[in-house]
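Written out below as structure tokens is the structure these notes cover.
The values are calculated or read from the model by the stated rules, or taken from the named source; none is laboratory data. Because the structure is a prediction, the values reported are computed rather than measured. Cβ atoms come from the backbone with ideal geometry, glycine included; neighbour counts cover every protein chain shown.
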Amino acid sequence: MRLAIGPLMPPRRLQHSKDIRAVFAAGQASHGPSVAVRGRERDDAAGVARVTVSASKQLGGAVHRNRAKRRIRAALGHIEVPAGWDLVVLAKAAASSAPFDALVLELQQNVSRLARRRKVPA
């Protein structure tokens, strides 16, 4: 399977630990074989999407962790992340060896799943 689209504008980086903790506190998650995606919709829904990628030491040495993170960041450039969302992408062991097209598809499905489950204002 080949992707028909080219790279999109990559989202901004989610850098502050308080924002990352807020994503985990929101409790929305979507899992796949290569990645787990946690996300929350910010109050400024028109704002730019922000993403951070993390890989634990359980994946292996620094070479394996960095390769998985680089591949995920590259795949994020090929998907559409909804505006106003903060995402934390957690790499799993398969992220460094999965076919790139499959990684892009899995990320898009997980992000779409989170966007569909978003909290409806009361």
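A94 satisfies every condition listed in (1) surrounded by fewer than 19 Cβ atoms within 10 Å (Cβ to Cβ); (2) closer than 17 Å to R13 by Cβ; (3) of a type in the set (G, A, S) except (2). Among the criteria (1) of a type in the set (A, V, I, L, M, F, W, C); (2) modelled with pLDDT of 90 or more; (3) part of a helix (DSSP H, G or I), the one L90 does not fulfil is (3).
Taking the stretch 68-103 on its own, how many of its residues are of a type in the set (D, E, K, R), farther than 21 Å from A26 by Cβ and touching a Leu at 6+ places or on another chain (Cβ under 9 Å)? Number satisfying all stated conditions: 2. The set of residues from the stretch 60-87 being in contact with a Lys or Arg (Cβ under 6 Å, 6 or more places away or on another chain) and surrounded by fewer than 19 Cβ atoms within 10 Å (Cβ to Cβ) comprises just one member, G84.
Going by the conditions given, is V104 free of Cβ contacts under 8 Å to residues at least 40 places away in the same chain, crowded, with 17+ Cβ neighbours inside 10 Å and not small (G, A, S)?
Numbers: free of Cβ contacts under 8 Å to residues at least 40 places away in the same chain: no; crowded, with 17+ Cβ neighbours inside 10 Å: yes; not small (G, A, S): yes.
Answer is no for this residue.
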